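Reviewing the structure listed below.
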Amino acid sequence: MKSENKKENSFLEFFKTVVWAIAIALIFRSFLFEPFSIPSGSMIPTLKVGDYLFVSKYSYGYSRYSFPFGIIPFSGRLLKSEPQRGDVIVFRKPGDENVDYIKRLVGLPGDEIFVQEGILHINGAPVTRRLEADMPGERGPLNRPSVIYTETFPEGHEHLIQEYSDNDRMDNTPPRLVPEGHYFFMGDNRDNSRDSRAEIGFVPAENLVGRAEFLFFSHNGRAGLFEIWKWPSAIRFSRIGMSID
């Protein structure tokens, strides 16, 4: 009998430990930081395929999409704060809220946004960009060469962008006025990004998940899980701990 009671108590203790661990993980993920991985090259050169990052969930307040599976159904945002132009943000795709996207915020409510010959315009004024001649861009589809620019927003925020050309499909777009309560996003890999210029459109404030903060891991995909001898060359040690600007 004592042996059975001991086993039962051990099982209950183990079960309680598991429940507490899950609860703490859910609280951390919902209210503080959530990990994300980068599956595509739409944010090159800022983010690369194989980057793993933490997103702060408290940066803009909380919506139903702050919580796993949207399990707490409510509209709007609680403890809301406004994002800043230039923030790199994870959000849910409008109309398909099961899909996460990560892009850079370029247009705030009330802004008029368009692209002309590859140059972003905000409220009729071209955004300054400076060629980084000593920084090679990554080659794209069909081995296309690219160049890197430093783009500077009107408020002074600087970040890198990559361009293959200034005459691609999305390098000339009509002016679009960002509605109240919505935002306009673009990828830093300007000629290889599905963003607000076409597919995504304006993103409601409710769909914002959080701000990308820093990388906690990065690899180039050239080593399998059990190919330990390849790990040293596959892990991008220089990117671990990088802040995301």
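The values are calculated or read from the model by the stated rules, or taken from the named source; none is laboratory data. Quick caveat: nothing in here was measured; it's all calculated off a predicted structure. A quick note on method: Cβ atoms are made from the backbone with ideal geometry, for glycine too, and the neighbour counts reach across all protein chains shown.
Each row is one residue, and each column tells you yes or no for (1) out of contact with any Asp or Glu (no Cβ under 6 Å at 6 or more places or on another chain); (2) closer than 23 Å to Pro204 by Cα; (3) among the polar types (S, T, N, Q).
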| residue | (1), (2), (3) |
| --- | --- |
| Gly140 | yes, no, no |
| Thr150 | no, no, yes |
| Gly156 | yes, no, no |
| Asn167 | yes, no, yes |
| Asp171 | yes, no, no |
| Tyr183 | yes, yes, no |
| Gly187 | no, yes, no |
| Asp191 | no, no, no |
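Which ranges mark the strands (runs of 3 or more DSSP E) fully within segment 78-168 that have 2 or more residues being of a type outside the set (Lys, Arg) and closer than 17 Å to Arg197 by Cα?
Where strands (runs of 3 or more DSSP E) fall fully within segment 78-168 and carry at least 2 residues being of a type outside the set (Lys, Arg) and closer than 17 Å to Arg197 by Cα, they are 88-93, 96-107, 112-116, 119-122, 158-163.
Can you pull out the residues in segment 201-226 that are basic (Lys, Arg) and farther than 30 Å from Pro174 by Cβ?
Of everything in segment 201-226, just one residue is basic (Lys, Arg) and farther than 30 Å from Pro174 by Cβ, namely Arg222.
Using beta carbons and a limit of 6 Å, which pairs, at least six apart or on different chains, have the first residue in segment 27-47 and within 20 Å of Tyr149 (Cα to Cα) and among the β-branched types (Val, Ile, Thr) and the second one at pLDDT 95 or above and not in a strand (DSSP E or B)?
Thr46/Asp188
If Glu213 satisfies every condition in (1) buried (at least 16 other Cβ atoms within 10 Å of the Cβ); (2) part of a strand (DSSP E or B); (3) touching a residue at least 24 places away in the same chain (Cβ under 8 Å) but one, which is the exception?
Going through the list (1) buried (at least 16 other Cβ atoms within 10 Å of the Cβ); (2) part of a strand (DSSP E or B); (3) touching a residue at least 24 places away in the same chain (Cβ under 8 Å), Glu213 breaks only (1).
Please determine, by comparing only the residues of segment 165-196 that are surrounded by fewer than 23 Cβ atoms within 10 Å (Cβ to Cβ) and aliphatic (A, V, I, L, M), which one is nearest to Arg92 (Cα to Cα).
Val178
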